[in-house]
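Written out below as structure tokens is the structure these notes cover.
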Amino acid sequence: MSDNILKFSMNRCLSVERLDEDTLRSVCRLRDTFTSASVEILAGLPDLEIIGASGEFHHEWQKVPELDDILRKLPGVRIGAGMLKIIKGLVGEEDHLRQLTYMVEECCQGVILSLTKDILVQAPVSEEGKLEFFSKMVRDSIRLYNRCAAFAPGSRLVEGIDPNQ
Amino acid sequence: MLKFARNKVVSAARKDRDTLSIHGILDDDIYGLEVDLCVGIKDLQILSIAGKWNRHTTPECPSAIPYLQEVRGFHIDEEIGSKLNKIVGRKGCRHFANILNECCYAAAEAAKVVRWEDAKAARPDLSFEGFLKEEAAGGAQVGDSWPPSDQAGNAMPSPPPPHVAVPRDERHGSNPFPARPEPSSNGFVIDLHVHTFPASPCSSASADSLIEEARRIGLNGICLTDHNHVWTPEKVEELRQRHGFPIFRGNEITTDQGDMLVFGLERDVRGIIKLQDLRREVLAAGGFLIVAHPFRGFLTFSGEQLGLTPEKAARRPLFQFVDAVEVLNGKVTAKENGFASSVAASLGLPATGGSDAHEVSEVGTYATRFFGEIRTEAELMRALKSKEYVPVAFRRETGVPARENRPAEVQAS
């Protein structure tokens with residue numbers, strides 16, 4: 001038997017678009033060896049609150065018969081700090097729901113990343129300019145401090161920053 | 001037009017008899033990165049890992065790469081997601097943690113296929129579904145569950161009828177404080193929001209150490225508000241007696257609309273409850289409900305970037321269901337506290353303060369000043385409903401050194 005043939009393959013695609021002045025649509029699509037699924041979240045602006053959710057889920061041996069009921073629980077949840085705990089609690093973490101929960105989280109992360117991109121496009125090209133830009137970003141949003149290797153103590157980006165101030 | 005796109009591709013092949021080879025690519029508008037893993041088929045152990053950036057944002061992002069090596073030896077099981085987030089995500093980069101999560105999913109699924117193929121060698125007519133049923137009947141296999149969970153127990157029990165909380169002091173008519181701290185001329189100051197270990201696993205402070213620190217810095221009382229945890233009256237009474245210090249009971253309950261500080265509700269709420277349902281229960285119990293840190297993380301994007309004003313924010317439905325707003329919270333930025341204060345003022349809702357302490361040095365950072373002495377839970381409830389109190393920056397006001405710890409994580413992940 002050939003050892004070059006894949007045993008499993010997966011594509012996950014996340015896309016975010018602005019529907020109108022007040023709404024973002026985030027869609028996560030999954031196609032892998034066993035699963036074909038998609039989840040769509042509508043996020044209201046400027047609150048970043050989920051105002052709609054829909055989806056479909058097909059899997060070789062797992063069913064999610066309560067899909068629509070689960071997604072109906074999501075409107076009202078705010079996309080931002082603390083959302084993962086709320087999403088896990090509302091959608092559920094039983095085996096057959098984990099993929100669905102993950103896809104909802106991905107949609108929400110997509111909304112955050114799309115807004116992050118709006119800020120990052122303003123970053124200068126030069127090394128010096130970047131250091132200054134990202135250092136200011138940490139100062140303006142101190143929660144970024146020590147959030148990752150780039151913003152950890154010892155990094156040039158957090159030199160002189162005291163998170164307690 | 002697309003505002004943002006992220007594509008992830010993961011493939012799993014059998015490298016040799018015992019090993020899977022996993023390749024993962026993450027490519028989006030901001031980041032581009034790749035990882036390669038070798039995973040043992042039998043025990044789903046990560047044997048080796050390599051990763052590289054194709055595109056990144058800051059000049060310091062490359063320093064995340066060495067942290068990938070810390071996942072060598074990990075087993076792909078239900079805990080792998082939280083381990084990856086803590087080790088790779090927090091110390092290195094959360095986008096590497098993200099693609100590694102996908103690779104672990106792929107490894108677990110590929111291992112099923114490989115085990116089926118091996119079983120088919122002896123039984124050519126064995127279907128994949130039949131094989132899975134046999135495996136399930138034989139007990140759960142390593143790596144059968146994905147995406148991994150970092151929280152145990154998610155069943156949400158149906159709520160029993162609300163229980164009306166009768167404060168212990170009213171039932172027994174006793175004075176709970178052998179040694180009474182006197183209210184100062186500056187009122188009676190209570191930290192209404194503290195977390196203790198082990199009731200709140202995210203806290204590093206025992207109730208005893210928090211109480212001792214609260215007394216040391218001159219607070220008049222503290223309220224234990226552990227996450228979805230109900231302190232028994234007996235246990236709190238024991239703490240009161242032992243320390244001779246006013247200690248009150250509350251509960252920080254996570255709802256679909258965020259965290260709420262609840263007073264006077266005895267029910268142990270598990271899982272995520274709808275705010276409207278919680279409100280009904282609190283009203284039935286004669287309790288009090290404060291929205292905790294209502295704009296935590298809001299201003300990262302919603303403020304200047306998206307134009308959220310206090311006037312717009314005040315229209316958020318959740319404010320219809322709360323009795324007061326926590327406008328001084330020790331875990332959010334001054335800007336977010338200021339925003340909450342503006343919203344509370346525009347709605348005419350009372351404002352409270354609490355440290356949200358998870359470490360001893362944080363207790364009393366913020367607190368609530370009442371204008372009369374409060375000795376019992378019944379008195380606290382009456383005081384909260386009287387609306388006669390103000391939030392205070394207690395440590396700063398009294399000159400007690402500010403907390404030494406950095407702000408705790410309050411990001412989405």
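With R₀ set to 41 Å, the beta-carbon distance separating A:ASP20 from A:GLU132 gives a calculated FRET efficiency near 0.70.
The alpha-carbon positions of region B:6-137 define a convex hull whose volume is 103 Å³ per residue. Only the Cβ atoms of Lys and Arg (+1) and of Asp and Glu (-1) were treated as charged; on that basis the dipole of the protein assembly as shown about its Cα centre amounts to roughly 600 debye.
Within the listed set A:ARG139, A:ARG25, A:ARG12, the residue fluctuating most in the Gaussian network model of chain A (springs between alpha-carbon atoms under 10 angstrom) is A:ARG139.
On the beta carbon distance between B:ARG123 and B:LEU2, with R0 = 41 Å, the FRET formula returns roughly 0.25.
Checking every one of the trypsin sites (Lys or Arg not before Pro) in region B:274-364 against DSSP loop status and a limit of 15 other Cβ atoms within 10 Å picks out B:LYS274, B:ARG315. Note that the protein assembly as shown shows a convex hull volume over its alpha carbon atoms of 157 Å³ per residue. Legend: mean number of C-beta atoms from other chains within 10 angstrom of residue C-beta atoms, peptide B:22-31, equals 3.
Packing-based ranking of B:102-115, B:30-43 yields B:102-115, B:30-43, ordered from highest to lowest mean Cβ neighbour count within 10 Å.
Pairs from the list A:LYS7/A:LYS63; A:LYS63/B:LYS91; B:LYS15/B:LYS83 with a Cα-Cα gap above 30 Å: A:LYS63/B:LYS91. Backbone geometry of region A:23-31 corresponds, through the Karplus equation with coefficients 6.51, -1.76 and 1.60 at θ = phi - 60°, to 3J(HN,Hα) couplings of 9, 10, 10, 10, 10, 10, 10, 10, 9 Hz, x marking Gly and Pro.
Here the label points at B:LYS86 and A:ASP68, each 7 Å from Cα along the C-beta direction, are separated by 4.1 nm in the simple model. The stretch between B:GLU238 and B:ASN186 holds 15.9 nm of extra length on full extension. This uses 0.36 nm per residue minus the Cα-Cα distance.
Other protein chain C-beta atoms within 10 Å of residue C-beta, averaged over A:84-95: 6. Computed from label points 7 Å out along Cα-Cβ, the spacing between B:SER346 and B:ALA314 is 0.6 nm. Mean partner shielding of peptide A:59-69, defined as the number of other chain Cβ atoms within 10 Å of each residue Cβ, is 1. Of A:VAL39, A:VAL27, A:LEU6, which is farthest on the positive side of the dipole of region A:1-53, counting Cα position, with +1 on Lys and Arg Cβ, -1 on Asp and Glu Cβ, and the Cα centre as origin? Towards the positive end, the residue furthest out is A:LEU6. Of the GluC sites (Glu not before Pro) found in region B:266-353, those in coil by DSSP whose Cβ has at most 11 other Cβ atoms within 10 Å are B:GLU304.
Taken together, the values in this text are just the output of simple stated rules run on the coordinates, not laboratory data. Treat the numbers as computed from the prediction; the structure is a model and nothing was measured. For neighbour counting, all protein chains shown are included, and Cβ atoms are generated from backbone atoms with ideal geometry for every residue, glycine included.
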